[in-house]
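Only one structure is covered here, and it is reproduced in the block below.
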Amino acid sequence: MSKWLRENLWRHAFATSMCVFSLFPLYLVVLSSFKSGGSLQLSSFVPKEISWDNYKMLFSSPKIPYLAWVKNSMVIATAVAVSSVVIGAASAFAFSRLKFKGKKFGIQLLLLVQMFPAVLALSAVYVIMERVYSFAPSIGLGSQAGLILVYLGGSMGVNIWLLKGFVDSIPAELDEAAKIDGASPVQTYWLIFIPLATPVLAVVCLLSFIGTFNEFIVARLFLVEMNGRTVAVGLQQFVGGQYATNWGAFAAGSILASIPIVIIFLSLQKYIVNGLTAGSVKG
Amino acid sequence: MSGIFRGKFAIFLKIVTLAGVTAILSLLAQSAFASGESAIGAFLIFAIAILNFTYFTKFSIPLKFFVPGILFFIAFVIAPIVFTVIMSTFNYQTGNYISKDASIEQVLILGVEPDANQTTFDLVSGKDIDGNDAVLVSDIAGKKFFISTKDTITDVDAAKLTINEYGVATSAPGFTASSPDELAANTTYSDIRYKYKDGYYIKIEAQGVGAVFRQTIAYDSKTDTMKNIITGDVYKNNGRGNFALESNPQKVLMPGWRSPIWFENYTKLVTDSRIRTPLIKVFIWTVLFAALTVLSTFAFGLLLALALNRKVRGRRIYRSILILPYAMPSVMSILIWAGMFDSEFGAINNILHTHIAWFSSATFARAAVLLVNLWLGFPYFYLICSGSLQAIPSELLEAAAIDGANPRQVFRRITLPLLLQILSPLLIASFAYNFNNFNLIYLLTGGGPRNTLDGEIAGATDILISYTYQIAFGRNIHDFGLASAISVLIFFLVASISFYGLRKSKVMETFG
């Protein structure tokens, strides 16, 4: 056995088997989406036929308002991502750059509250939004605007925390220089900080978009109407029913919905990994 | 560009924006107060006040940055948490969901009984001579006709009536029948109790039909009791949100109201064995599930990172494939796995040539949950570990090698301890995250298998959080009080785990 083989064989063997493990479910979904049938079964590793029926069904069947679902998900996730970054950036800037009383308390509160998992407050959010519905149905339970408000509030802590991490990594020399030149904090924020931080804000915006797109349980509880659902809820209901399992169409639908998310994710890989480790590795 | 943020235009923009926001919030506050939601209304007033105060004065500059965030934070994070804690001290469940006033109203509406024969009459709705809502009733069996309003009952001579072929009177002097359009516009006429004899009244059951009822339950606000006028039974406020019969406290009038019961939801967790036994079972599985997940994802991630740490050929291709499970929207991939584990049509049995009913057996369901979570989680630790391996100074490893340590010893004595030290906060964070990994359990197994026929709420794969959800929303009875109590318990568990992790990561020290 050569030296190369001895040192590298296990590496390739292990990495390859993990790759197979990773790819198997994904490959199966792709296969199923091109198969006209209702199960996630593996009849052969090579597709025998390529049928576009499942994809056509998504866009033509009146029972599956797939396009409406995608639109809802896009609208909700975009609204949440943009607004939460606009609101969160200001708070993160203040936490990172301004000196004021109660700063330490604020950050600790932010951390503590995040440990109260969002799902646990679900019954409370439900009851509160039910009451909001009683006087303002358009922003209460069952409305997309209400869901956006809940997401926005719920993601505030995480986003401020995440943004603060990124903001800390932007050098402070420029805004200190602006301060010396007589700029007020508000001017420093708009004229120096925002132009500098735009790429970072865009990254957090996309991360927040992915997170909201992926959210399931609040959307499930909130959006009852068939046409008002998000992709995640719609597709889950589609295969969740005991007797109405149509995996082919589900496979097609989830592939189409996942592709943009996977692309965003892979292109932001570097930032995501940095964001994951920031704050913990440096200590 | 910079002019936007200075001078008159900026002030103009500020005033317009604030005025708009103030107007919208005021409208909302007004309708909140109008429908009795004074807490929400008060919050909206508070929001208006603090917004205008902050942006029109120079009271505090940091506050100008914080105010929108703080308001959202209070409304959708702090308020639900406070509300959860309050709910956990209440008997707040299906049957005890409404306020006390609404409950009394409902009990009185339901506290009626039909007469002995369950008499029904044909009738026509309309107005009497004074314009009051009235009905023209035809007692066909008794050959009697009368006009009845809320307070009066007047017999009418059959000779003066127009009677149709079924023997039903359709018009009478002093009575104007309403047209269907008039009835549709009248929202109250069908709720009126039209007077009948002997304490009974006539209630409109359907178009043209009325039935005879009498009130049996009466409320005495002085003693806060309900009394059955006919039998004399007294129902006392039992202090737990119901009026209960004095002689048999199990018999309560429905619906009850949400009533404070202080720590009963908490003590129930310990004293009531029907709640305690499943809770302990679920708790053990939750810890086991979270620990095994962290262990397996970390082990596989680390091994991969080690395997691909050197310049192995094709490393970039491996990396982009291995990251895919992490990049996929997890809702989709969990559902895909659920389909693959299907006992009849799933790929897993298909490939293994087995017929295992994965989600019907506790052991197999748990194994499936762990396998799927490994798939979802190992890329995360692979990414983290390969980053951290690079951060270990190579001099250390070289020095050890020079001292004669073989690669295995270097790994066990130097690399692994260092890695664990660097990554322990992330391992703890991952434990805390999986402790509450609701999506996985809910979408993959739904917490099952569970024996619903025996009234079991906790399934074999239920973790604390999915169990809580099950109590709050999963069954016919929604018990928000008990669910909130468990939520508060979980909060303390997770907070102490995370606090420990934070202290380790020294984040706490870098504040300020």
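The values are calculated or read from the model by the stated rules, or taken from the named source; none is laboratory data. Values in this document were obtained by computation on a predicted structure and should not be read as measured data. Methodologically, a virtual Cβ is constructed for each residue, glycine included, from the backbone with ideal geometry; neighbour enumeration extends over all protein chains shown.
Do you know which of the residues in the range B:301-313 that are free of Cβ contacts under 8 Å to residues at least 40 places away in the same chain and either aliphatic (A, V, I, L, M) or touching a Leu at 6+ places or on another chain (Cβ under 9 Å) (or both) is surrounded by the fewest Cβ atoms within 10 Å (Cβ to Cβ)?
Per the criteria, the residue is B:Val312.
A:Val218 - would you say it is touching a residue at least 40 places away in the same chain (Cβ under 8 Å), in contact with a Ser or Thr (Cβ under 9 Å, 6 or more places away or on another chain) and of a type in the set (A, V, I, L, M)?
When the stated conditions are applied, A:Val218 does not pass them.
When you look at A:Leu149, is it modelled with pLDDT of 90 or more, within 11 Å of chain B (Cβ to nearest Cβ) and within 18 Å of B:Leu71 (Cβ to Cβ), yes or no?
So A:Leu149 passes the test.
With respect to B:Ala399, is the statement that it is over 26 Å from B:Ala495 (Cβ atoms) and at pLDDT 85 or above true?
Details: over 26 Å from B:Ala495 (Cβ atoms): yes; at pLDDT 85 or above: yes.
Criteria met by B:Ala399.
Is it true that A:Ser134 is more than 30 Å from B:Gln93 (Cβ to Cβ) and either surrounded by fewer than 18 Cβ atoms within 10 Å (Cβ to Cβ) or within 11 Å of chain B (Cβ to nearest Cβ) (or both)? Steps first, please.
On the way: more than 30 Å from B:Gln93 (Cβ to Cβ): no; either surrounded by fewer than 18 Cβ atoms within 10 Å (Cβ to Cβ) or within 11 Å of chain B (Cβ to nearest Cβ) (or both): yes.
No.
For the range A:173-225, which fully contained helices (runs of 4 or more DSSP H) count at least 2 residues that are of a type in the set (Phe, Trp, Tyr), within 12 Å of another protein chain (Cβ to nearest Cβ) and under 28 Å from B:Pro80 (Cα atoms)?
So the answer is A:194-214.
Residue under question is A:Val125, and the condition is that it be out of contact with any Ser or Thr (no Cβ under 7 Å at 6 or more places or on another chain), within 7 Å of another protein chain (Cβ to nearest Cβ), buried (at least 23 other Cβ atoms within 10 Å of the Cβ) and closer than 30 Å to B:Gln470 by Cα; does it hold?
yes
Tell me, which residue of the range B:328-341 that is within 7 Å of chain A (Cβ to nearest Cβ) and in contact (Cβ under 8 Å) with a residue 12 or more places away in the chain is surrounded by the fewest Cβ atoms within 10 Å (Cβ to Cβ)?
Here the residue is B:Ser330.
I'd like to verify a number: residues in the range B:142-168 that are aliphatic (A, V, I, L, M) and more than 53 Å from the chain's Cα centre (by Cα), how many?
5
Specify which of the listed residues (B:Val124, B:Val137, B:Val107) is surrounded by 14 or more Cβ atoms within 10 Å (Cβ to Cβ) and under 30 Å from A:Ala124 (Cα atoms).
B:Val107
Find the residue count for the range B:61-94, including only residues that are over 16 Å from the mean Cα position of the chain (by Cα) and of a type outside the set (A, V, I, L, M).
Number satisfying all stated conditions: 9.
Suppose we filter B:Lys144, B:Lys160 for residues that are under 19 Å from B:Thr120 (Cα atoms) and of a type in the set (D, E, K, R); which single one remains? Break it down into steps so the answer makes sense when it comes.
Values: B:Lys160 fails: under 19 Å from B:Thr120 (Cα atoms).
Sole residue among the options that is under 19 Å from B:Thr120 (Cα atoms) and of a type in the set (D, E, K, R): B:Lys144.
Yes or no, residue by residue, for (1) within 17 Å of the chain's Cα centre (by Cα); (2) not hydrophobic (A, V, I, L, M, F, W, C):
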{"site": "B:Arg412", "(1), (2)": "no, yes"}
{"site": "B:Thr415", "(1), (2)": "no, yes"}
{"site": "B:Leu420", "(1), (2)": "no, no"}
{"site": "B:Leu426", "(1), (2)": "no, no"}
{"site": "B:Tyr442", "(1), (2)": "yes, yes"}
{"site": "B:Tyr469", "(1), (2)": "yes, yes"}
{"site": "B:Ala485", "(1), (2)": "yes, no"}
{"site": "B:Ile497", "(1), (2)": "no, no"}
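Name the residues in the range B:238-271 that are under 15 Å from B:Ser88 (Cβ atoms), without any contact (Cβ under 8 Å) to a residue 60 or more places away in the chain and not aliphatic (A, V, I, L, M), would you?
Answer for the range B:238-271, where residues must be under 15 Å from B:Ser88 (Cβ atoms), without any contact (Cβ under 8 Å) to a residue 60 or more places away in the chain and not aliphatic (A, V, I, L, M): just B:Thr267.
Say whether the condition of being away from chain A (no Cβ under 14 Å) and over 30 Å from B:Ser259 (Cα atoms) is met by at least one residue in the range B:96-107. Steps first, please.
Here is the first cut: in the range B:96-107, the residues away from chain A (no Cβ under 14 Å) are B:100-101, B:103-107.
This time we only want the ones that are over 30 Å from B:Ser259 (Cα atoms), so: none.
For the range B:96-107, residues away from chain A (no Cβ under 14 Å) and over 30 Å from B:Ser259 (Cα atoms): absent.
Out of (1) at pLDDT 85 or above; (2) within 13 Å of chain A (Cβ to nearest Cβ); (3) surrounded by fewer than 23 Cβ atoms within 10 Å (Cβ to Cβ), what's the single condition that is false for B:Pro407?
Condition not satisfied by B:Pro407: (1).
Condition first: farther than 16 Å from B:Asn476 by Cα and touching a residue at least 60 places away in the same chain (Cβ under 8 Å). Now tell me which residues in the range B:433-458 satisfy that.
B:Asn434, B:Phe435, B:Asn437, B:Asn439, B:Leu440, B:Ile441, B:Leu443, B:Leu444, B:Thr445, B:Gly448, B:Pro449
Restrict the check to the range B:50-63 and report whether at least one residue is small (Gly, Ala, Ser) and assigned to a helix (DSSP H, G or I).
Within the range B:50-63 (the criterion being small (Gly, Ala, Ser) and assigned to a helix (DSSP H, G or I)), the answer is no, since none of the residues qualifies.
Scan (1) within 28 Å of A:Trp10 (Cα to Cα); (2) at pLDDT below 90 for the single condition B:Leu322 breaks and write down its number.
It fails just one condition, (2).
Scan the range B:62-79 and report the pairs whose first residue is within 11 Å of A:Val113 (Cα to Cα) and whose second residue is of a type in the set (Val, Ile, Thr), with Cβ atoms within less than 6 Å and a gap of 6+ or a chain change.
Sorted first by the residue in the range B:62-79, then by its partner, the pairs are B:Val77/A:Val113.
Going through the range B:18-60 one residue at a time, which ones are hydroxyl-bearing (Ser, Thr, Tyr), within 16 Å of A:Tyr133 (Cα to Cα) and more than 10 Å from every other protein chain (Cβ to nearest Cβ)?
B:Ser38
Residues that are over 23 Å from B:Leu371 (Cβ atoms): which helices (runs of 4 or more DSSP H) entirely in the range B:387-480 hold 3 or more of them?
Helices (runs of 4 or more DSSP H) meeting the threshold: B:394-402, B:407-410, B:416-435.
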